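Have a look at the structure below, then the notes.
The values are calculated or read from the model by the stated rules, or taken from the named source; none is laboratory data. Everything numeric here is computed off the predicted structure, so don't read it as measured data. When we count neighbours, we look across all protein chains shown, and the Cβ atoms used for this are built from the backbone with ideal geometry, even at glycine.
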């Protein structure tokens, strides 16, 4: 009884598909009016001027476009261009309309009809200036056992040109790179790092990245004899000292740096508040960044007070 449905089945399928294609073509060629939020990608100013305050991220606008264009993403992602080239430095309220707002990626079959919200934007326009700002590499470094990070790390270029609003430029003293954690290093590392724009709006940097060279060298050990032990946080009347009063420390670091490390830069101490009931406290050794304590002759010492303190050494 339903046999007629299968007569010329493939011909019927082909006719259906053809009809669907024709319908889609007609539907997508038709022009529609559509409201959507688009990002602000550019605000055109006179040469040597820059914005010092961030404008709105996006605007709600009305566009006329064919169905095909509405399905495409490129013009949406390109966003909107606002023209404010008529202004000098100062503060302005710009009423938005299709006369000063346009699509950044404009085609013949799509039109921006109106700006719906917000209807105006506040513009803080400043003179554009530039300055050479030093770069600091934001790196967390650690070397493999038997190796050390040399202090001769190189950032190239050491300074970059920061361009932006004159009123904000003087607040920037340093530009940091992106953060990177590098561990277990055994060999010299050369890495390209992007720069992080400083706080504020309207800045750009030239170049936008730097090359950082991290020297890694085999460590050298140096022995420091009779380093005095200091007692911290002891009441003044106790006259606290330690037994023994000195310690021997083996410090490791890059060969060129360890040879220059003065014993006065090494602090050996105990905390009076950490002593146990028998008066013993753990020894702490502090040395400059880039050096490590390999071994000390006394991990703990006894804290002596009063009359006993005189025999501490």
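Scanning the range 43-59 for residues that are part of a strand (DSSP E or B) and either within 23 Å of the chain's Cα centre (by Cα) or surrounded by 14 or more Cβ atoms within 10 Å (Cβ to Cβ) (or both) yields 43, 49, 50, 51, 58, 59. Checked against the criterion of being buried (at least 18 other Cβ atoms within 10 Å of the Cβ), closer than 25 Å to residue 203 by Cα and modelled with pLDDT of 95 or more, the range 173-181 contains one or more residues that satisfy it.
Checking each residue in the range 73-82 for being surrounded by 15 or more Cβ atoms within 10 Å (Cβ to Cβ) and either assigned to a strand (DSSP E or B) or on the phi < 0 side of the Ramachandran plot (or both) picks out 75, 76, 78, 80, 81, 82. Listed conditions (1) assigned by TED's automatic domain parsing to the domain that holds residue 195; (2) closer than 29 Å to residue 194 by Cα; (3) surrounded by fewer than 16 Cβ atoms within 10 Å (Cβ to Cβ); (4) touching a strand residue (DSSP E or B) at 6+ places or on another chain (Cβ under 7 Å) are all met by residue 143, apart from (3). Every test in (1) surrounded by fewer than 18 Cβ atoms within 10 Å (Cβ to Cβ); (2) more than 30 Å from residue 255 (Cβ to Cβ); (3) at pLDDT 95 or above is passed by residue 166 save one, and that test is (3). Report yes if some residue within the range 191-198 is in a loop (DSSP other than H, G, I, E, B), exposed (fewer than 13 other Cβ atoms within 10 Å of the Cβ) and touching a strand residue (DSSP E or B) at 6+ places or on another chain (Cβ under 7 Å); otherwise report no. No. Taking the criterion of being under 30 Å from residue 50 (Cβ atoms) and not in a strand (DSSP E or B), the residues of the range 199-253 that qualify are 199, 200, 201, 202, 203, 207, 208.
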